[in-house]
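Just so it is clear, none of the values below were taken in a lab; they were calculated from the coordinates. On a predicted model such as this, the values are computed, not experimentally measured, just so you know. Positions of Cβ are backbone-derived with ideal geometry, glycine not excepted, and every protein chain shown enters the neighbour counts.
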């Protein structure tokens, strides 16, 4: 199997079936692992009733946060590569093929889907918001500490070999898993003489009123995580 799509879900009744259909429509040999984080809006019941051959569902016993759900999905994955897919409609699964084409280069360890590069490709910028400021701040701080020039470390789309992810001792349970993953990728790539690369992707941001769940406090946690994982060890 080529790809495992890890989909953490919490209270996404309005989008879960739509994003699932979009992921299934991508012409790649894949599985979809949905991890419901004890949704209370009817999402849990929707995913419990799914009967699709390429979809597996994991039900959390309580709200253990997004990062914990992603780790559960990583542990359960069976594909050669793995990507994280939010259960809203901000990201476009039709970007998977471009990400996969990039990671199959022998000098590339993992690939990030960059929202910044995607907007630049289209001759525009991401809409100004506190989320955009936070994105840029995290990437700038990360680049300063790690000596990198990445444009979007907080992106959802991170594509890496499943075997590598399953060997990593990931510890973050919240949104800070995003930056822990990139920190560990950079350290691992340097140890192996490989690269972390970015590919432009499409992005359709939603507001808090539309269901966006990340908050400014998650940004502070992520800044602390960047510092904490600066000297993590490669898995070897």
Mean separation of Cα contacts under 8 Å (6+ apart) over length of the chain, as relative contact order %: 23 percent
In nm, spacing of pseudo-spin labels at residue 190 and residue 63 (7 Å Cα→C-beta vector): 3.7 nm
Cα shape, the chain, gyration tensor, a/c 1.5 rule: rounded
Using a Förster distance of 25 Å, the FRET efficiency for residue 173-residue 108 (Cβ separation, nearest 0.05): 0.30
Amide N of segment 13-36 lying under 19 Å from the label point, which is placed 7 angstrom from the Cα of residue 163 along Cα→Cβ: 30-31
Helix-only [θ]222 nm of the chain, DSSP H runs n ≥ 4, -39500 (n - 2.57) each, per residue, nearest 500: -12000 deg cm²/dmol
Gaussian network model of the chain, Cα within-10 Å springs - most flexible of 98, 160, 77: 98
Candidates 23, 57, 171: whichever shows maximal mean-square fluctuation once the chain is modelled as a Gaussian network with Cα springs under 10 Å: 171
Fully extended contour minus Cα-Cα distance, from residue 17 to residue 221, at 0.36 nm per residue: 70.3 nm
The chain - share of DSSP beta bridges that are antiparallel (%, nearest 5): 20 percent
Shape call, segment 68-122: gyration tensor on alpha carbons, a/c limit 1.5: oblate
GNM flexibility winner over the chain from 81, 204, 91 (Cα, springs under 10 Å): 204
Gyration tensor verdict on segment 149-198 (Cα atoms; rounded if a/c is under 1.5, prolate if a/b is larger than b/c, oblate otherwise): oblate
Residues 110, 156, sorted so that the one with the fewest Cβ neighbours within 10 Å comes first: 156, 110
Gain on full stretching of the segment that runs from residue 231 to residue 204 - 0.36 nm per residue minus C-alpha separation: 6.3 nm
